[in-house]
Amino acid sequence: MIKKYDGKIGFRELITLIIICLGMKVTDSTPVLLTKLGLNSSWMLPIISGLVIIIPILCLLSLLKLYSDKNIIDIIYLLAGKVIGFILVFLLLILTLQYVIITIRSYSDILNTLFYIKTPIYVITLLLIVSSCYIANKGFSVIGSLSWIIYFSLQGILLILVIMLWKEFNFSYLFPLGGPGVFTLLKEGTTHSTILGEFIILAVFFPLVRSFKDYRNATLLGFLIAALQLSIFMIIYISVYGYPTLSVLNYPYHQLTRLVNVGRFATNMEAIFLGFWVLGTSIRFSLYFSTASTILSNIIKCKNQKLVIVLIGILTFLMSIVPDNFTKYVLDYREFTIVIFWIYVVGLPILLYVIAKLKGEYKR
């Protein structure tokens, strides 16, 4: 039976959106960052991060169940008040914007360095922003539907990549399992749990999910699968490169695709993987643009969200083309922002949950 379109998404769209947005992190500088922290045991860090992040996720789910008709922005204002609430919401906007600016420039650098050497970096950045803003303009339900449509293709192409490179794996690179030490792994896995921090921005769209059950199940299962996928790909990277080499690579995923060889009559196989990568990238950034525009529209009380998306796209473009040596800039600046983002992502849901408890909201 065909369901009536209600502008909302269900379990399958949300879970695939979560897995795509988090899973795309294996293709950027995240593996390099994790390798510097956990050495040959860096594959454990996503699992540790997943265990840590489950606490704020459960607190947030409890709040969303309590206020079933509100999103995270409404809940912040309701529990923290207008002044503090405004500060917290504005901080969420700043964190989202700085993340999308850094990430979209990082992805532009990948395309410019490895594939489109003669194309100016600002042209590549502009094309990424325009395509992502176009999808974001269509609405959250379209972003979710696109995620469901391309999800199995993305997973299939990753599986093909693993099969084709199986002979390149050297699992002895994973030993000793302790890596830099248990304490170091626990510390870094905890403080860098924001690699799974997208749950806080997904709560902005909670009213656009058909039911709390769909949202809860998709969130818990989606983050579990994404954490395992990140861990598996870290194992793959370490097994192929070894952690000393991996820690100095800028683009491990794309350099991995260049190792694929199916004979002299099928060259440049990385182009196939690139096409699917661009699709996943566009969906990921469309979610970030949609999040930022929703928050900014709420702050400035603007009902024309499409106009806000355009303004954010322009701001992102202008800010992302500024640094020249962007790879070094990302690795240096990202470490600083991770600390701030960690305090916000982990602390905010717990703080709001405690406030709701103290106010007796759960007794009503």
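Odds and ends about this structure:
- Checked against the criteria, residue 217 counts as surrounded by fewer than 23 Cβ atoms within 10 Å (Cβ to Cβ) and within 25 Å of residue 92 (Cβ to Cβ).
- Within the set 353, 362, 344, the sole residue that is over 24 Å from residue 34 (Cα atoms), of a type in the set (Phe, Trp, Tyr) and at pLDDT 80 or above turns out to be 353.
- Any hit, the stretch 157-167, residues being among the β-branched types (Val, Ile, Thr) and either within 22 Å of residue 102 (Cβ to Cβ) or in contact with a helix residue (DSSP H, G or I) (Cβ under 7 Å, 6 or more places away or on another chain) (or both): yes
- Of the residues making up the stretch 135-176, those that are closer than 25 Å to residue 10 by Cβ and outside any helix (DSSP H, G or I) are 138, 139.
- Pairs, first of a type outside the set (S, T, N, Q) in the stretch 125-151, second outside any helix (DSSP H, G or I) and surrounded by fewer than 17 Cβ atoms within 10 Å (Cβ to Cβ), C-beta under 8 Å, six or more apart: 139/7
- Test result for residue 73, exposed (fewer than 14 other Cβ atoms within 10 Å of the Cβ) and in a helix (DSSP H, G or I): no
- The single residue among 79, 97, 128 that is touching a Leu at 6+ places or on another chain (Cβ under 6 Å), in a helix (DSSP H, G or I) and buried (at least 16 other Cβ atoms within 10 Å of the Cβ) turns out to be 79.
- Selection from the stretch 286-306 of residues that are at pLDDT below 90 and either of a type in the set (S, T, N, Q) or buried (at least 17 other Cβ atoms within 10 Å of the Cβ) (or both): 304, 305
- If the condition is being surrounded by 16 or more Cβ atoms within 10 Å (Cβ to Cβ) and aliphatic (A, V, I, L, M), then the stretch 104-118 contributes 104, 110, 111, 114.
- Where helices (runs of 4 or more DSSP H) fall entirely within the stretch 178-264, those with at least 3 residues that are farther than 25 Å from residue 140 by Cβ and either at pLDDT 85 or above or in contact with a Cys (Cβ under 6 Å, 6 or more places away or on another chain) (or both) are at 182-191, 212-241, 243-246, 252-257.
The values are calculated or read from the model by the stated rules, or taken from the named source; none is laboratory data. The shown structure was predicted, so the numbers you read here are calculated from the model rather than taken from an experiment. Don't worry about glycine lacking a Cβ; one is built from the backbone with ideal geometry, like all the others, and counts go over all protein chains shown.
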